[in-house]
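The values are calculated or read from the model by the stated rules, or taken from the named source; none is laboratory data. On a predicted model such as this, the values are computed, not experimentally measured, just so you know. With ideal geometry, Cβ positions are generated from the backbone for all residues, glycine too; neighbour counts draw on all protein chains shown.
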Amino acid sequence: MKNWISFIVSLLVYSTMHAEVVLPSIFSNNMILQQKSKVRIWGTSSHRGGVTIITSWDKKKHVTPVQSDGNWFVYVATPSFGGPYDIRIDDGQQLTLKNILIGEVWLCSGQSNMEMPLAGWGHIDNFKEEIAAADFPSIRFLQVQQKTSNHPIQDAAVQHGGWVSISPETIAGFSATAYFFARELYTKTGIPIGLIHTSWGGTVAEAWTSAETLKTIPDFTSALDRVTSASAQETYEKELDLWNQIADQNDEGRKSGKVEWLSRETDDSDWSSMQLPTLWDTDILPSFDGVVYFRKKIQLPAHWLGKKLSLQLGTIDDNDITYWNGQQVGATQGYNQNRRYEIPGSLVQSEDVTIAIRVFDGGGGGGIYGEATQLNLIGPNNEHIALASDWKYKVGLDLSKLPPMPSSNEGPNRPTVLYNAMIHPFVQFKIRGAIWYQGESNADRAYQYRTLFPALIQDWRTHWNQGDFPFYYVQLANFMRKESQPTASAWAELRDAQKDALQLPNTGMAVIADVGDADDIHPKNKQDVGKRLARIALKNTYKQKVLFSGPRLRAYTVKGSEIHLKFDPMGKRLVNQTGGTVLKGFTIAGDDQLFYAAEAILQGNTVIVKSPHVAKPLAVRYGWANNPDLSLYNEELPASPFKTDNWKDSTAR
């Protein structure tokens, strides 16, 4: 009997010694917890005797049982901002989380312009100076890895083992927009700022929205079924094979089954020229998606023959196949991957070289772009031949002439899959609010975004169960070539859908259609983007006296051949940023719904709009273009593009 009792005791001791708390990735050393809140801490344990949590800021002990499935949770009260603190978690084996700060936690999400880092593929304005000055140990971030899931999961994959303090050594690969937002908040409030960064370039808003919400929007019914269907992948593969066959048959560059336009012998004498690097959407091939072939002939120095070379092509949007004298030397998928292909000496046998590249763009900007210095052929002794110059090009395939490409049942652009893997794991974690920078990938469905975007905001608020927490977002920047005459614009319609979401409580929108780049869908001025988001938070969340919005239209009246627009400056006064009293960017239309460039006169807080082409005006639009002229400001910030009519969007189906 004694031996039996001893055996039982030894088992209990062994179980206690080897019990181990397992925490979700959100909990680590250096983390930031939301101040003045009831914060949930949770995890799993194999110890059935319960878990004890002791928080160093108040020395309180919290004991919670472990449920039958091994899960446990406890709520702890956090004080006003401060630290550093520790949290000790004990289930028989002690775990201590160290160097914790209490402050403000913001979730940061969206697509590539939120993802865009200071350096790496981003290279924002003054990135070297910004990185060197990034010494903010009280600003910390959690970098969420990009992952999809067809069903909601409980934990997310993160980089760096957890939370990281911002320093010159850690900041280069982090979201520039999120960093500048946090830096402005911290310098103005002194409160530690925690950033959960969970974004993915090129993604659509429905991927970040839960199934419960998307089920209420009929547009997404069939796509949702594909995500959850066991046979969806097989169906997708069959549909994609068929689509690829159709695409190959229609690709002029590979009519015979071979990629003829990549061969050395191709006659390109009648091809057009394009100065590289550039995005072709700007003015050369506006709004074009598909395949473009590029070719360039160069002359090598004789002493390079037989030597290994390095071909640097900068960034290509989206995918490329690259040939050297008719031989494939590289292929890469992804718009944010720098291309560097090694050319073995066995292929460097002639001074006359033809470089040929097949570029596929599935949506958004397309082309070979980046800095001119990134387009080079590197030879022995670090010699180089600059490739930033004129290249021959020819369109091989126009996607608008094909049926829509089947939606993958594995990629990120499927309903719910990013919400499931990159948002849902954090809905139990207390946050102050969210910032969002997305929309480019939904621009061709801007009318649908009028329903989808507010649904996403409400969806997140429902799952966090924190009421109407602050949700601040970035309106699309100006992009692409300027139009000489008023025309339909999907980007303008998307901006208008974003503006309409301000009807939801506790939302704010940063207008940036004056700081974009006609030639780059990823504008490098992320400083102003972050600061404008921060202004909204400083005003609305932290109750500081700052100018946070540009002028807002309050009312308009038709008076004969004129329309008078009454504005709230939101500051002290209206300003014509271009000087004088005549404003740019206004258009006017009558009942024929044809818009004409208008003469817009600024008088106090009123703008008077008219045109000799419109005798009986009904509607005014401002900034209604892919790349608008914004002239109406208050002392510091621009007015959002807007329309006074409710006429049908060009993207309505």
Starting from residues that are over 34 Å from the mean Cα position of the chain (by Cα) and either within 30 Å of VAL529 (Cα to Cα) or not assigned by TED's automatic domain parsing to the domain that holds ALA639 (or both), keep the ones in region 580-598 and report whichever is surrounded by the fewest Cβ atoms within 10 Å (Cβ to Cβ). GLY580
Need pairs with beta-carbon distance below 6 Å; first residue within 15 Å of GLY83 (Cβ to Cβ) and within region 47-64, second of a type in the set (D, E, K, R); sequence gap 6+ or separate chains. SER56/ASP86
So ALA230 ticks every box in (1) farther than 19 Å from PRO152 by Cβ; (2) of a type in the set (Gly, Ala, Ser); (3) assigned to a loop (DSSP other than H, G, I, E, B) but one. Which box is left unticked? (1)
Could you list, in sequence order, the residues of region 154-172 that are outside any strand (DSSP E or B), surrounded by 15 or more Cβ atoms within 10 Å (Cβ to Cβ) and out of contact with any Phe, Trp or Tyr (no Cβ under 9 Å at 6 or more places or on another chain)? ASP155, GLN159
Taking GLY467 as meeting all but one of (1) outside any loop (DSSP other than H, G, I, E, B); (2) free of Cβ contacts under 8 Å to residues at least 24 places away in the same chain; (3) not charged (D, E, K, R), write down the number of the exception. (1)
Scanning region 623-653 residue by residue, the ones that are touching a Leu at 6+ places or on another chain (Cβ under 7 Å), in contact (Cβ under 8 Å) with a residue 60 or more places away in the chain and not acidic (Asp, Glu) total 7
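Results for (1) in contact (Cβ under 8 Å) with a residue 40 or more places away in the chain; (2) not hydrophobic (A, V, I, L, M, F, W, C), shown as yes or no for each residue.
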{"position": "GLY122", "(1), (2)": "yes, yes"}
{"position": "ILE131", "(1), (2)": "yes, no"}
{"position": "PRO137", "(1), (2)": "no, yes"}
{"position": "ARG140", "(1), (2)": "yes, yes"}
{"position": "GLN143", "(1), (2)": "yes, yes"}
{"position": "GLN146", "(1), (2)": "yes, yes"}
{"position": "ASN150", "(1), (2)": "yes, yes"}
{"position": "ALA156", "(1), (2)": "yes, no"}
{"position": "GLN159", "(1), (2)": "no, yes"}
Please verify whether region 376-395 includes one or more residues that are touching a His at 6+ places or on another chain (Cβ under 7 Å), assigned to a strand (DSSP E or B), more than 26 Å from LYS258 (Cβ to Cβ) and not small (Gly, Ala, Ser). yes
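So that you can scan it fast, the table gives a plain yes or no per residue for (1) buried (at least 21 other Cβ atoms within 10 Å of the Cβ); (2) closer than 19 Å to LEU23 by Cβ:
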site: ASN126; (1), (2): no, no
site: LEU142; (1), (2): yes, yes
site: PRO192; (1), (2): yes, no
site: ALA205; (1), (2): yes, no
site: THR209; (1), (2): yes, no
Please verify whether VAL575 is more than 14 Å from ARG621 (Cα to Cα), touching a strand residue (DSSP E or B) at 6+ places or on another chain (Cβ under 7 Å), buried (at least 20 other Cβ atoms within 10 Å of the Cβ) and in the same structural domain as GLU635 (by TED's automatic domain parsing), treating the condition exactly as stated. yes
Give the number of residues within region 266-297 that are of a type outside the set (Val, Ile, Thr) and in a loop (DSSP other than H, G, I, E, B). 15
Which residue out of ILE124, ILE131 is out of contact with any Gly (no Cβ under 9 Å at 6 or more places or on another chain), assigned to a helix (DSSP H, G or I) and of a type in the set (Val, Ile, Thr)? ILE131
Assess whether THR148 counts as being in a loop (DSSP other than H, G, I, E, B), buried (at least 17 other Cβ atoms within 10 Å of the Cβ) and hydroxyl-bearing (Ser, Thr, Tyr). yes
I'd like to check something: does region 256-264 contain any residue that is over 33 Å from the mean Cα position of the chain (by Cα) and aromatic (Phe, Trp, Tyr)? yes
For region 461-499, what are the residues that are closer than 22 Å to ARG445 by Cβ and of a type in the set (Val, Ile, Thr)? VAL474, THR487
For region 366-387, give me the residue count where each residue is closer than 30 Å to ASP398 by Cβ and either charged (D, E, K, R) or touching a strand residue (DSSP E or B) at 6+ places or on another chain (Cβ under 7 Å) (or both). 9
Output the residues belonging to region 600-636 that are surrounded by 21 or more Cβ atoms within 10 Å (Cβ to Cβ), in a loop (DSSP other than H, G, I, E, B) and hydrophobic (A, V, I, L, M, F, W, C). TRP624, ALA625, LEU630
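So that you can scan it fast, the table gives a plain yes or no per residue for (1) free of Cβ contacts under 8 Å to residues at least 40 places away in the same chain; (2) among the acidic types (Asp, Glu):
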residue	(1), (2)
ASN319	no, no
GLY326	no, no
ASP352	no, yes
ASP361	no, yes
GLU371	no, yes
ASN376	no, no
ASN381	yes, no
Flag for LYS539 being modelled with pLDDT of 95 or more, surrounded by fewer than 21 Cβ atoms within 10 Å (Cβ to Cβ) and in a helix (DSSP H, G or I): yes
